[in-house]
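Read through the structure below, which is laid out as structure tokens, and then see the notes.
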Amino acid sequence: MIKKKSPKTAKKATFKPVKKKVSDLFIPIKDRTTVGKPEIRVDARAKVTGDAKYTNDLCPRDAYCAKVLFSTIANGEVIKMDIEEALKVEDVVAIYTCFDVPDHEWPSAGHPFSLDPSHKDPSDRKILNKRVRIYGDDIAVVVAKNEVACDRALRLIKVEYNEFTALTNPHQAMEKDATVLHPNIAKTNAFAHTTFKKKPDFDYEKEKQIAIKKYSEENLVEVVKQYKTPHISHCHIELANSYAYIAADGKITVVSSTQIPHICRRIVADALQIGVGKVRIIKPYLGGGFGNKQDVLYEPLVAWLTTKLNGHCVYLELPRENNISGTRTRHAMEGNFKSLATKDGTLLARDVQIFSDNGGYAGHGHSIAAKCSGIVNNLYRDRQGSQVDTYSVYTNTATAAAMRAYGIPQACWFAESNVDDICHKANLDPLKFRYDNCADDTLLSGGVGFYTYGLKECMKTGAKAIGWGKKRKEYANQSGNIRHGIGMGIFIYQTAVWPISMEQDGAMLILNQDGSANLLLGATEIGQGGDTVFTQMAADACGFTFDQIHIVSTQDTDYSPFGTGAYGSRQTYVAGRAAKRAGIEFKRVILEYACKLLKRKSISGLDIVKNKIIDKKTKKKLMSVADVAIQSYYNKGDAGALAVRVQEETESNSYASGAVFVDVTVDMAFGKIKVDKLVACHDSGILINPALAKAQVQGGISMSLGFGLSEEILYDEKTAKPLNNNLLDYKIPTAMDSIDSEIHFIQLEDPSAPYGNKALGEPPAILPSVAIRNAILNATGVAFDQAPMTPQRLVEGFKASGLI
């Protein structure tokens, strides 16, 4: 159920817009014909009928098959490799080992996008690796005419290693005698460290003594705890796959399931040490990514292979096992908190240390851990200050990089667990504590703040829907194995990456002979519905109906406008601006041509409404856009197909926010949690498509259920070998676990956005897990500080507390 609300208590924030405004792009809500409506997805029919073509569908039948030989150790180096017997296998075309590839290193993410060297990701990737850093590292590749030959050859390759002690967690990796995994990047495995302080001279122990003098010790509550989150796999349906060939024009062409085609192009060129213009990336329909395909995975390998095989097409698809543990994961993190508050509910100070397990390679470097710590620091107003120290550490676990919500699920697991622990210890109402201490509309961090502020209204709306006060009283003083509890959590989330990095996207509109238009973007559809909302935005901007804009879903770096890709909940905010700008410019171009046909002096009296050229004053139809189109193509002496191409840079950012409430039943004897009701409230600005907005929230809730209750990549503590990297043992929620949630949107028009919209793609995956954790605390009095809260951990916790 969607409930739209534009409340009186929600308000425009005190934060003033920065640099570029979008007043020249403003279209009043009353004049919007498709934005805000639940239009059917533009790709719905193709995907339901199976007509949509993904990377695997497009691969030529005569393509060679490539399969990677993965290391069977996690830390060490390849000393020798014997491929003699493998080469004898029928239909094997070639075998290349880590001794055959260039020694050049390159970054796999290329993010953030900045000319500032301090903002660039570490260059620690190679096409194949002699130095092994994860169990399942890429050490050789077999190319054959079929999969069977590849598999037979892989089994015959003999490898000798020099093995080192496996480092399975940040603390082990930070020990003095630990093997440094990337000595060219950093002298220790802790390759990056940042400190956020609310005031420069903050010292927790000094602030504690000040508080004791001011309030007295008996009026204070201190919580000192450690919280942990696990490695999590994205588990997108479509496996990581790509193929490459050299086209007739000599370009290396890579067709890939990637979220970032234009960045992928640059990184492939870097990896092969050739010009960017010699590489072409094509992104067809994509079967999910959730951030995993925001890294460049095996595109450089297939591109390199085709150069070795006379341009013949080479296809590589990674097995599910290696998709889980050999591509990218969500960072496992540990948060160590010291928190101080008054017993009447004022948060005074926090001292936090966060250790982020980056795995064997850098991925996005320190950016995810830094963003996590920034939200921990900013989510609440510590009256006496706070400090958050964060360390990114190389280990021998799976490489961690972007995953939906980019470090904020971990941040909120830490901060929101800690708030409920304070409230439980001091017997405070967690809702009131949050309302009194949360980030307010004055928040300004790194040039980013709230243009509109609906966080407290989200809390009010959610509390009313869940029956917070009534249920808190009803669930007090329970006994027995079956208990009930309610819990909540709040979040704030930045909509874009500016000003840390450049933000830009391009759009192109081309008028067809029938009066419809083709829309091309650099922004990528990855299953989230981006193509649909971009179509709505462009249609409203140029005065077309939704059905008259035909978006091209495929990105091809040879002709698609430049865009940095799908990540960070930014596309509707950043690429949406480009789509809207293109629509406005497109309208102007069409009206200028119509002005000539109508023999008018100026376009000021003309408009386009629902595909018709009208007189603004009389609202009378003068001609159709189709009439203009046919004239523009075939009017002798004045022909010229009408089109516009824009490249729009965004120099603003804005916080979205929200709250989630849950009502749960806890079966302590069996360690079973049943979510009886979930209410999600989001301050995401104006909704472009309410149906897609609801789908985003519902999907994010399911992902967060996995984070909180079942998902975790397990490793052998001695060898760092993944133990459950398959879909039988790695427990993702299924349709049977889905919750029919109550969803509310606090719709406040954000003036920095193209249509008043803010982030919504990732935020739904942040809070349900920690809200459930806090509901269990409310039901049982037992705090579970490590995710996921599996039945085994729950039963052990209840036993340790003497409840069962």
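Carbon-plus-sulfur accessible fraction, the chain (probe radius 1.4 Å, protein heavy atoms only): 51%. As a length-normalised measure over Cα pairs under 8 Å and 6 or more apart, the relative contact order of segment 500-596 settles at 38 percent. For the chain, the 222 nm mean residue ellipticity estimated from helices alone, with every DSSP H stretch of n ≥ 4 adding -39500 (n - 2.57) and the total spread over all residues, rounds to -8500 deg cm²/dmol.
Charge dipole of segment 120-197 (Cα centre as origin; +1 on each Lys and Arg Cβ, -1 on each Asp and Glu Cβ, all else neutral): 220 debye, rounded to the nearest 20. Applying the Karplus relation 6.51 cos²θ - 1.76 cosθ + 1.60 with θ = phi - 60° to segment 785-799 yields 3J(HN,Hα) values of 9, 10, 9, x, 8, 6, x, 4, 5, 5, 4, 4, x, 5, 5 Hz, where x marks Gly and Pro.
Accessible area of ASP547 (1.4 Å probe, protein heavy atoms only, ligands and nucleic acids ignored): about 100 Å². Placing unit charges on the Cβ atoms of the charged side chains and taking the dipole of the chain about its Cα centre, the candidate lying farthest along the positive direction among ASN162, THR572, ILE237 is THR572.
Using the crude model of +1 on Lys and Arg Cβ and -1 on Asp and Glu Cβ, and no other charge, please compute the dipole size for segment 280-339 relative to its Cα centre, in debye to 20. Its charge dipole is roughly 160 debye.
Rounded to the nearest 20 debye, the dipole magnitude of the chain is 3200 debye, with +1 charges on Lys and Arg beta carbons, -1 on Asp and Glu beta carbons, and the Cα centre as origin. Accessible area per residue (1.4 Å probe, heavy atoms of protein chains only) ranks TYR361, TYR315 as TYR315, TYR361, with the largest value leading.
Of interest is the spacing of the C-alpha centroids, which for segment 141-189 and segment 332-406 amounts to 28 Å. Using the Karplus relation 6.51 cos²θ - 1.76 cosθ + 1.60 with θ = phi - 60°, the per-residue 3J(HN,Hα) values for segment 454-462 come to x, 4, 5, 5, 4, 5, 4, 5, x Hz, with x marking Gly and Pro. Look at the Cα gyration tensor of the chain: its axes a ≥ b ≥ c give a/c of at least 1.5 with a/b at or below b/c, and that counts as oblate. Roll a 1.4 Å probe over the protein heavy atoms and report the accessible area of LYS460 in Å², nearest 10. Its heavy atoms expose roughly 90 Å² to the probe. Relative contact order, whole percent, for segment 614-701 stands at 16, derived from Cα pairs under 8 Å and 6 or more residues apart.
Looking at the chain, the accessible area is 38 square angstrom per residue; that uses a 1.4 Å probe and ignores ligands, DNA and RNA. In order along segment 746-754, the Karplus-derived 3J(HN,Hα) couplings, from 6.51 cos²θ - 1.76 cosθ + 1.60 at θ = phi - 60°, round to 8, 8, 10, 6, 7, x, 8, 9, x Hz, and Gly and Pro are given as x. Of the chymotrypsin sites (Phe, Trp or Tyr not before Pro) found in segment 636-694, those that fall in a DSSP loop while having at most 13 other beta-carbon atoms within 10 Å are PHE670. Sparsely packed loop sites in segment 693-796 (the trypsin sites (Lys or Arg not before Pro) outside DSSP H, G, I, E and B with at most 13 other Cβ atoms within 10 Å) comprise LYS718.
Taking all protein chains as shown and a probe of 1.4 angstrom, LYS621 keeps an accessible surface of around 110 Å².
Hand me the trypsin sites (Lys or Arg not before Pro) from segment 128-194 located in a DSSP loop with no more than 13 other Cβ atoms within 10 Å, in residue order please.
In loop regions of segment 128-194 (DSSP not H, G, I, E or B), the sparsely surrounded trypsin sites (Lys or Arg not before Pro) are LYS176, LYS187.
Here's how it looks for GLY76: its modeled amide H is under 5 Å from those of VAL132, PHE164, which are all 5 or more places away or on a different chain. All other residues whose Cβ lies under 9 angstrom from that of GLY756 are scored, Lys and Arg at +1 and Asp and Glu at -1, for a net of -1.
Proximity of backbone amide H atoms, modeled 1.01 Å from N, is registered between PHE670 and no other residue at under 5 Å, excluding neighbours fewer than 5 places apart on the same chain.
Put simply, the amide H of VAL35, placed in the peptide plane, has neighbours under 5 Å in ASP540, leaving out anything fewer than 5 places away on its chain. For segment 673-731 versus segment 492-551, the spacing of their alpha-carbon centroids is 28 Å. For the residues MET488, MET174, a 1.4 Å probe over the protein chains yields an accessible-area ranking, largest first, of MET174, MET488.
Can you tell me how segment 561-683 classifies by the Cα gyration tensor, rounded, prolate or oblate, using a/c under 1.5 as the rounded cut? Don't skip to the answer; put the middle values down first.
Values: a/c = 3.68, a/b = 2.80, b/c = 1.31.
Here segment 561-683 falls in the prolate category.
For the pair segment 38-97 and segment 422-486, the centres of their Cα atoms are 48 angstrom apart.
The values are calculated or read from the model by the stated rules, or taken from the named source; none is laboratory data. All figures in this text were calculated on a predicted structure; none of them were measured in a lab. For neighbour counting, all protein chains shown are included, and Cβ atoms are generated from backbone atoms with ideal geometry for every residue, glycine included. Keep in mind that these areas ignore ligands, DNA and RNA; they rest on the heavy atoms of the full protein, side chains included. Shrake-Rupley method; radii C 1.70, N 1.55, O 1.52, S 1.80 Å.
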